[in-house]
Amino acid sequence: MAQQHSVIIIGAGPAGLSLACSLAQAGLHATIIEKQPREALADPAYDGREIALTHLSVELMRQLGIWQLIPDDEIGLIKKAQVQDGVSPYSLDFDHRQNNLEALGYLVSNHLIRKAVFAQADSLDNIDILTGITVEAVRTDAQQASVTLSDGPVLQAALAVAADSRFSETRRKMGISASMHDFGRVAIVSRMSHARSNEQTAFECFQYGGTLAILPVSAQLSSFVVTASGKQAQALLALSDDDYRNEIRKRLGSRLGDMTVASERFAYPLVGVHADRFIDQRFALIGDAAVGMHPVTAHGFNLGLRGQNTLTKAIIAAASRGQDIGAPQVLQQYQRQHRLATLPMYYGTNGIVKLFTSESPPAKLLRQAVLRISNNLPPLKWAITRKLTEVGGSALSPLKSTRSIPQPQHDSRP
């Protein structure tokens, strides 16, 4: 016998768990399926990734009760940001004081976000988390979505949602294609302590032959991100800690003084993904399964949070009217809004990466021109700041509760 559920979410990453929390907060039930064991979700290992969160993301996490579970001393403030090109000392600068903000953004280690969002989801009665299980098949029709699990059961729901990474197997099972861009680069991430304060400044230098980014964890501890070709990355990973530190100092100069490697180095191939559509019959994609971003604009997880919020609002609107939460018009509303938010960001980011990694003479001249124009044209700089910080994004509004609304029946009326 198939087991009936409201919404089935495949993938217990931050996006999938956040969606479950959003639905649960509104009084709906969510079932999450995850191939990892429960222990890995409850206490994830440090993976080197630091997530830059916008003001909108912090507000959404606060509404869901996730932000409150992250220790204050584990939250880094990004108060300034600088972008440099090549060997030029000129930089595009952003400062929180110019915009009357506490910070431009907030930095939290990825494993702490994962731990907090799992703890919140696990504490809610109307969320079931099934771990150590894979999905064998996903089928949908006009009445329901059916998910067959590796241990035998078949789950049925009004809606199935995939949140299982940018290389989503569920997306492939549903026959949804995606545009993928392999940047041919590897990001090497690690923490380093340093003698001089980073002054809570995020720094990115598009050097010739590679990119170096620094994210402020605390005053004298930063996350270093080195982007290199595959062969260069292998050589960098093979270096001893002392030799790696010397390599970073050579690239950075004396900006932060003496440095010490403070963590393991992790390598992540850079591949961008944008699904050609976000929905199918009684099925939706969120998180990296919908859009997997290059990290240069730091909007990957932020877009994931925004996407699950957009989907939840569409679901709640339907539920409040007593309508089918998996109906085509509900999913089309989500797709329309989220593609409008993601397409310009995805292709704009890819364009930035292409320009600032090209070393042709015309590209170098254009890179310098872009930095100077962005720095000296106030309306443009203001627009860039608004996009990067997402200040005022709370216009997406808190989630409306449906606790007093009966659970919707499967209703395919237009």
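Each reported figure results from applying straightforward, stated rules to the coordinates on display, with no laboratory input. Since this is a predicted model, take the numbers as computed values, not measurements. Virtual Cβ from ideal backbone geometry, glycine too; neighbours counted across all protein chains shown.
List the relative contact order of the chain as a percent without decimals, with contacts defined as Cα pairs under 8 Å and 6+ residues apart.
So the answer I get is 21 percent.
Which of Arg282, Arg367 has the fewest other C-beta atoms within 10 Å, and how do the rest follow up to the most?
By the 10 Å Cβ count, ascending: Arg367, Arg282.
Which links in Lys35/Lys115; Lys80/Lys115; Lys173/Lys387 stretch past 26 Å when you go from one Cα to the other?
Check vs 26 Å cut-off fails for Lys80/Lys115; Lys173/Lys387.
Note down the nm distance, to one decimal, between modelled labels 7 Å out along Cα→Cβ at Asn99 and at Glu199.
Simple spin-label model gives 1.9 nm for this pair.
What number in nm² do you get for the range 262-357 if you take the convex hull of its Cα atoms and divide its surface by four?
Quarter of the Cα hull surface area: 7.8 nm².
Of all DSSP beta bridges in the chain, what percent run antiparallel (nearest 5)?
Counting only bridges with both partners in the chain, antiparallel ones make up about 70 percent.
Could you give me the percent of Cα pairs per 10 Å distance bin for the range 158-222, shortest bin first, beginning at zero and ending with the bin that holds the maximum distance?
Values per bin, smallest distances first: 16, 29, 22, 22, 11, 1.
Using the count of nearby Cβ atoms within 10 Å as a rough guide to exposure, how do His299, His181 rank from fewest to most?
Ordered from fewest to most neighbouring Cβ atoms within 10 Å, His299, His181 come out as His181, His299.
Can you put Met345, Met174 in order of Cβ neighbours within 10 angstrom, beginning with the fewest?
Ranking Met345, Met174 by Cβ neighbours within 10 Å, fewest first, gives Met345, Met174.
If you take all C-alpha pairs in the range 81-221, what percent of them are over 18 Å apart?
74 percent
Could you list the square roots of 5 times each eigenvalue of the Cα gyration tensor of the range 197-241, that is, the equivalent ellipsoid semi-axes, sorted largest first and rounded to whole Å?
Semi-axes (√(5λ), whole Å): 23, 13, 6.
Can you give me the orientation-averaged projected area of the convex hull built on the Cα atoms of the range 221-312, in nm²?
Averaged projected area of the range 221-312's Cα convex hull equals 8.3 nm².
What FRET efficiency comes out for the pair Ala142/Asn246, r = Cβ-Cβ distance, R0 = 51 Å, nearest 0.05?
0.20
If I take R0 = 45 Å and measure r between the Cβ atoms of Gln68 and Val154 in this structure, what FRET efficiency does the formula 1/(1 + (r/R0)^6) give, to the nearest 0.05?
0.75
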